[in-house]
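Worksheet: one structure, shown below.
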Amino acid sequence: MVSGSWSEPYSRKTITDASLLDIDHLVPLKEAHESGGFDWDADRRKDYANDLSDPNTLIAVDRGLNRQKGAGDPAEWLPPNQAYQVEYAKSWVAVKVKWGLTADAREIAALRKILGPAAELPMLAEECAGTMVNPESVSSVPAQVDCQAKRYCTQMKTCAEARALPDPVQHSESGQGWGWSALQGVV
């Protein structure tokens, strides 16, 4: 494209230089993977990554804000344009529901705060396909969600495989956090 102008929803700016735009997966590829996409075959992953059938899936946004967002979900990042946050949350839910993706407790709580208690939400599950539960049954967010197995999902064939490892143990060297000691050195 040689010229044009785009109304960028994340910042509410009009952008006239296409090099300042990114095409954003509203629900980032990493988030989709951690929310159930890890179980998709190659064709379904390709379909998701290139979905042009739904205007919510891929959107042109400010390059800097897209990079700031990274793989964050609505509990971790929201567009600075507050007037767009409800539409963003509705679009997020629509993409997750369409593709059968789940949401973690913090994500569900953030979506409820934006959309209200009656909104349709994705099924609740720990990231990387934990057990599904009805999102209406969750009344509050835990202080900290600790699903250390999810960081190893790309190193295992399935999250069930990561979760089948021995119980997590406290790291003795640092005394910080929990980790799967049995995964040390897994590539």
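The values are calculated or read from the model by the stated rules, or taken from the named source; none is laboratory data. Here the structure is a predicted model, which means the values were calculated and not measured. Reconstructed Cβ throughout: ideal geometry from the backbone, glycine too, with neighbour counts over all protein chains shown.
Could you identify the single residue in LEU124, LEU101, LEU115 that is within 13 Å of the chain's Cα centre (by Cα) and either small (Gly, Ala, Ser) or modelled with pLDDT of 95 or more (or both)?
Matching residue, one of LEU124, LEU101, LEU115: LEU101.
Any idea how many residues of segment 7-46 are more than 18 Å from LEU78 (Cβ to Cβ), of a type in the set (D, E, K, R) and part of a loop (DSSP other than H, G, I, E, B)?
2
Within segment 62-90, can you find the residues that are farther than 19 Å from LEU121 by Cα and in a helix (DSSP H, G or I)?
ARG63, GLY64, LEU65, ASN66, ARG67, GLN68, LYS69, GLN82, ALA83
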